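Following: one structure in structure tokens, then a few remarks.
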Amino acid sequence: AKAAESGVVPAMVEVGQDLWSARGVSPRNPRRAVEWLQRAAEAGSNTAKYDLGVHYYWGFRMLDENNEPTPSSVISDETQSLLWFGRGAENGDAASQYQLAFLMEKGHGLPNPQPEISERYYRLAAKGGNEDAEIDFADRLRLGRVLVKPENGGDEAVDLLQRALSQESARAARRLA
């Protein structure tokens, strides 16, 4: 906490994660966790941006004795989730690109689904080495749900699965088989 207060960005992330999960602190304080993660995100941490996307997607309600949300709660907000994943994706974070693709494909936080933009982010995340994106995008290619780009060749799905397999992915091995 002292390192975070003095401006050490990884420490800010750690404090935010600890407050969210009540690791070493009591009681859990999701609202303060989000505040620390926002500071870290504003200082450039992709991990903090990703965590904020996750936390705003799921939210966390702390309830008082009347079963009402307390001020420590973080209410689920798909638009905020989309925003934070988008900020991480802009910085090339493959995990954020993958989550952004999922949200855009489903239309979470948007007026309508955006499948074309979603495809772009799935491909970026897969090319960025995100194992889940490599496998899921390969499935989309195999099933004809996205277009094969000539510059990537007809074996793009196999190439992505082999990359995921090199990360020791059992899912990729099963699909390759």
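Which numbered condition trips up Phe102, out of (1) over 27 Å from Gly16 (Cα atoms); (2) in a helix (DSSP H, G or I)?
(1)
Could you give every pair whose Cβ atoms fall below 7 Å, whose first residue belongs to the range 111-139 and is in contact (Cβ under 8 Å) with a residue 40 or more places away in the chain, and whose second residue is part of a helix (DSSP H, G or I) and not small (Gly, Ala, Ser), counting only separations of at least 6 or pairs across chains?
Filtered contacts from the range 111-139: Ile135/Leu161; Ile135/Arg171; Ile135/Arg175.
State all residues of the range 20-52 that are aliphatic (A, V, I, L, M) and modelled with pLDDT of 95 or more; if no residue qualifies, say none.
Those that are aliphatic (A, V, I, L, M) and modelled with pLDDT of 95 or more: Ala33, Val34, Leu37, Ala40, Ala41, Ala43, Ala48, Leu52.
Going by what's in this entry, would Ser118 be described as polar (S, T, N, Q), surrounded by 17 or more Cβ atoms within 10 Å (Cβ to Cβ) and not in a helix (DSSP H, G or I)?
Answer is no for this residue.
Restricting to the range 1-24, what's the tally of residues that are in a loop (DSSP other than H, G, I, E, B) and under 21 Å from Ile75 (Cβ atoms)?
Result for the range 1-24: 1.
For the range 31-52, state whether one or more residues are touching a residue at least 12 places away in the same chain (Cβ under 8 Å), more than 26 Å from Leu103 (Cα to Cα) and open to solvent by 30 Å² or more (accessible area, probe 1.4 Å).
Checking the range 31-52: not a single residue is touching a residue at least 12 places away in the same chain (Cβ under 8 Å), more than 26 Å from Leu103 (Cα to Cα) and open to solvent by 30 Å² or more (accessible area, probe 1.4 Å).
Considering only the range 121-177, state which residues are of a type in the set (D, E, K, R), open to solvent by 60 Å² or more (accessible area, probe 1.4 Å), part of a helix (DSSP H, G or I) and farther than 22 Å from Lys106 by Cβ.
Of everything in the range 121-177, those that are of a type in the set (D, E, K, R), open to solvent by 60 Å² or more (accessible area, probe 1.4 Å), part of a helix (DSSP H, G or I) and farther than 22 Å from Lys106 by Cβ turn out to be Glu151, Asp159, Arg163, Arg174, Arg175.
Exactly one condition in (1) over 25 Å from Asp155 (Cα atoms); (2) aromatic (Phe, Trp, Tyr); (3) out of contact with any Lys or Arg (no Cβ under 9 Å at 6 or more places or on another chain) is not met by Phe102; state its number.
Unmet condition: (1).
Taking the conditions exactly as written (out of contact with any Leu (no Cβ under 8 Å at 6 or more places or on another chain), more than 27 Å from Gln114 (Cα to Cα) and among the acidic types (Asp, Glu)), does Glu68 satisfy them or not?
yes
The values are calculated or read from the model by the stated rules, or taken from the named source; none is laboratory data. Small disclaimer: the values here were computed from a predicted structure and weren't measured. Glycine also receives a Cβ, built like all others from the backbone with ideal geometry; neighbour counts cover every protein chain displayed. With ligands, DNA and RNA removed, areas are computed over all heavy atoms of the protein, side chains included. Shrake-Rupley method; radii C 1.70, N 1.55, O 1.52, S 1.80 Å.
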